[in-house]
Amino acid sequence: MTLKKLLSTLLVSASLVLAYTMYDFLTRRNEPADESLPVSRLEAARPNFPVTYSLGSFDSRFGISQERFLVLAAEAKKIWEDAAGKSLFESSEHGTMKINLIYDARQENLLKAQAARAGLDEEGRSFDQLQADYNAKARALDESRSALEEASQASKSHLEEYNARVARWNESKEHSDAEYTSLQARRKELEEEQSVVEKKAAELNSRGEELNKLGESMNQLAGKHNLEVEKFNGRFINSRDFEKGVFDGKAINIYEFEKEDDLKLALVHEFGHAIGLGHIDNPKAIMCPKIALQDLSDIRLTTDDLNLLLARLK
């Protein structure tokens, strides 16, 4: 076989089959559905800032002190103020806007659901334990998926560079042994690189199947204890309309919360309405009408929230 024919063979053999089929399956199956969330709450008239607020009615059955409730309210309004670069709300003993904590059927139902989630599966795990495990593994899977995408793109780029070198070799009339040896070595490197990509894809696929099994366990436990749970963007969450609080144009009324970060999110959302902001359809946004993908451990405005705020303050 002539050197030129051998290099042509190398070009064909070097066209490595990347794991794009598996990768495409892994990346697409958790893509969010194309949901359009309606804006159901009317925007309030633009108030004169800063708006003074004070504690209104307060039900102690929520298990939180008035002092702590007001601290969380101050933290919540500060999120908007930091973005606006000015004071929007001020706490005052006789503030015009009241913030009320009202205990009714909503909180009672939440407590019942909380008790139901404590029901155990066959392995002694509660729904909350399963959910925490699921979310942790889902986050790790997202990170690994991003790493696989980077590795796949790098492998594709390296292959294109190699093929270009081989094409130049085939078109050249002068062939050196050094270049030939270099191309052979590079081909071996690319094959090893592709092998790593394929192993990562196989591992990711296996972890995806494990996550699906965990999701099935959650579904079974939810059915067993009659839990109202939805699967949103590949994650199990209590996704429903934002009923935890309401801004009625004069007061912020909080009706339910499970933990302090849950309460803080409700307060931030309702302070947004008190500014005069409506709902937006970004599921990660503070002003989304569904409680879904907001990060309760790090509550912050998304770009959509910020744009809505800046447009309102013009």
Among the listed residues 139, 145, 168, identify the single one that is buried (at least 16 other Cβ atoms within 10 Å of the Cβ), assigned by TED's automatic domain parsing to the domain that holds residue 194, basic (Lys, Arg) and modelled with pLDDT of 85 or more. 145
Residue count for the stretch 58-113, restricted to those that are of a type in the set (A, V, I, L, M) and farther than 26 Å from residue 47 by Cβ: 5
Breaking point among (1) more than 20 Å from the chain's Cα centre (by Cα); (2) modelled with pLDDT of 85 or more; (3) of a type in the set (D, E, K, R), for residue 207: (1)
Taking interchain pairs and intrachain pairs at least six residues apart, which have beta carbon atoms under 6 angstrom, with the first residue in the stretch 155-183 and on the phi < 0 side of the Ramachandran plot and the second among the charged types (D, E, K, R) and at pLDDT 90 or above? 155/193; 162/186
Spot the failing condition for residue 219; the list is (1) modelled with pLDDT under 80; (2) assigned to a helix (DSSP H, G or I); (3) farther than 27 Å from residue 142 by Cα; (4) of a type outside the set (A, V, I, L, M), and only one is missed. (3)
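The values are calculated or read from the model by the stated rules, or taken from the named source; none is laboratory data. Quantities reported herein were computed from a predicted structural model and do not represent experimental measurements. Quick reminder, even Gly has a Cβ in these numbers, built from the backbone with ideal geometry, and neighbours come from all protein chains shown.
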